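A.B. asks: Quick one: this structure, given as structure tokens, is what I'll be asking you about.
The values are calculated or read from the model by the stated rules, or taken from the named source; none is laboratory data. What you see is a predicted model; the values in this text were computed from it and never measured. Heads up, the Cβs are rebuilt from the backbone with ideal geometry, glycines too, and the neighbour counts pull from every protein chain shown. The area values use the complete protein model at the heavy-atom level, side chains included, leaving out ligands, DNA and RNA. Shrake-Rupley method; radii C 1.70, N 1.55, O 1.52, S 1.80 Å.
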Amino acid sequence: MGAAVELRQLEHFVAVAEELGFGRAAERLEAPEAEVGRRIDALEKELGLRLFERGAPRRHVRLTAAGERLLPEARAAVAAAERVRETAEGIAAGTEGIVRLGTSRAFADRVYRALGALAERRPRLRVRLERAPQEGRLAAVRSGTFDAALVRTVCRADGIALYPVWTEPLLAALPAGHPLAALDEPHPARLARLPLRLAPREANPALHDLVTAAVPGWTPGPPFTTLAATLDDLASAAEPSWTVFHPVVPLPRDRRLAFRPLRAPRVPVSLAVRPGRLAPAVAALLEALTATADPMPSHRTPRPRPAPAQAPPPCTARATPT
């Protein structure tokens with residue numbers, strides 16, 4: 001055999017076989033009858049088989065044994081090609097396909113709510129969740145490994161467009177018996193005199209700047225190590241202190257501790273994507289994620305946050321670990 005069999009040849013073969021005539025097949029294909037004949041002749045030559053017995057006149061044909069055997073395979077090939085076309089159209093329209101979303105366990109509640117809403121509107125669109133540290137999520141978006149990623153406290157990042165999706169409170173942990181633990185949402189300023197176990201700036205600059213800007217005159221406390229160790233020390237220490245951290249799922253269970261959302265500051269969470277026009281599927285995901293922060297969801301696609309000339313504190317362009 002020479003050149004590969006063309007899909008168009010198979011489409012013509014199926015049409016002639018089902019219509020049992022070149023003229024009727026030409027009408028069905030909306031093609032000149034001579035073109036239909038040429039494609040069938042070329043297919044027979046390519047396969048080295050006679051597929052039709054031509055009668056007189058040539059408009060009336062019937063399948064040979066070889067043609068009868070090949071017809072189911074040709075139909076399957078044509079149907080498969082049509083499915084490819086339909087799937088490609090769905091991907092282009094954002095109604096189906098796969099979106100690779102970089103995320104963190106801390107975002108699980110909102111992400112699953114968004115995916116539930118998205119599945120109702122676009123049941124053939126899949127979102128594959130990929131967990132990675134925040135710096136890794138941003139790098140994967142830049143390289144194209146992830147189509148999008150959720151990130152915290154990032155205002156600017158090279159090679160990244162950021163779309164705000166929601167804000168979330170920081171959580172304060174303090175001894176359960178402390179008077180401030182009785183408040184549902186203590187303002188950081190009221191915690192200023194209580195020693196604060198805060199991660200050093202070099203370990204988490206964005207969180208450090210966010211907290212120190214919101215708690216002027218804060219009182220340094222014992223060092224922050226890991227969250228688990230710091231919470232254990234806080235619960236057992238004779239002198240009261242407090243610490244602050246991003247929301248985690250699940251919260252540690254310790255009756256000696258009280259966990260309270262801070263009234264301020266709010267932590268921005270954004271969807272990071274490559275610059276340029278959003279793919280329709282990513283735009284649909286962005287809309288679903290944004291709606292989790294608003295009981296009256298907008299159907300307009302949010303605009304990316306412009307990169308400021310200077311990164312205003314406490315939000316910085318550096319990614320911070322979750």
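A.B. asks: Across the range 50-99, what is the total count of residues that are more than 51 Å from the chain's Cα centre (by Cα), outside any strand (DSSP E or B) and modelled with pLDDT of 90 or more?
C.D. replies: Qualifying residue count, the range 50-99: 3.
A.B. asks: In addition: Can you pull out every residue in the range 133-156 that is of a type in the set (A, V, I, L, M, F, W, C) and open to solvent by less than 20 Å² (accessible area, probe 1.4 Å)?
C.D. replies: The answer is L138, A140, V141, A148, A149, L150, V151, V154, C155.
A.B. asks: Is it fair to say G102 is assigned to a strand (DSSP E or B), in contact with a Phe, Trp or Tyr (Cβ under 9 Å, 6 or more places away or on another chain) and not aliphatic (A, V, I, L, M)?
C.D. replies: Against the criterion (assigned to a strand (DSSP E or B), in contact with a Phe, Trp or Tyr (Cβ under 9 Å, 6 or more places away or on another chain) and not aliphatic (A, V, I, L, M)), G102 qualifies.
A.B. asks: Any residue in the range 115-126 that is in contact with a His (Cβ under 8 Å, 6 or more places away or on another chain) and of a type outside the set (K, R)?
C.D. replies: Taking every residue of the range 115-126 in turn, none turns out to be in contact with a His (Cβ under 8 Å, 6 or more places away or on another chain) and of a type outside the set (K, R).
Yes or no, residue by residue, for (1) under 15 Å from P169 (Cβ atoms); (2) of a type outside the set (S, T, N, Q); (3) open to solvent by 40 Å² or more (accessible area, probe 1.4 Å):
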position	(1), (2), (3)
P205	no, yes, no
T212	no, no, no
T219	no, no, yes
A228	no, yes, yes
A238	no, yes, yes
L271	no, yes, no
R277	no, yes, yes
V282	no, yes, no
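A.B. asks: When you go through (1) at pLDDT 90 or above; (2) open to solvent by 20 Å² or more (accessible area, probe 1.4 Å); (3) not polar (S, T, N, Q) one by one for R253, which number turns out not to apply?
C.D. replies: Status for R253: all satisfied but (1).
A.B. asks: Condition test on R201, is it part of a loop (DSSP other than H, G, I, E, B), outside the structural domain of S104 (by the TED database), over 24 Å from L129 (Cβ atoms) and free of Cβ contacts under 8 Å to residues at least 12 places away in the same chain?
C.D. replies: Spelling it out, R201 is indeed part of a loop (DSSP other than H, G, I, E, B), outside the structural domain of S104 (by the TED database), over 24 Å from L129 (Cβ atoms) and free of Cβ contacts under 8 Å to residues at least 12 places away in the same chain.
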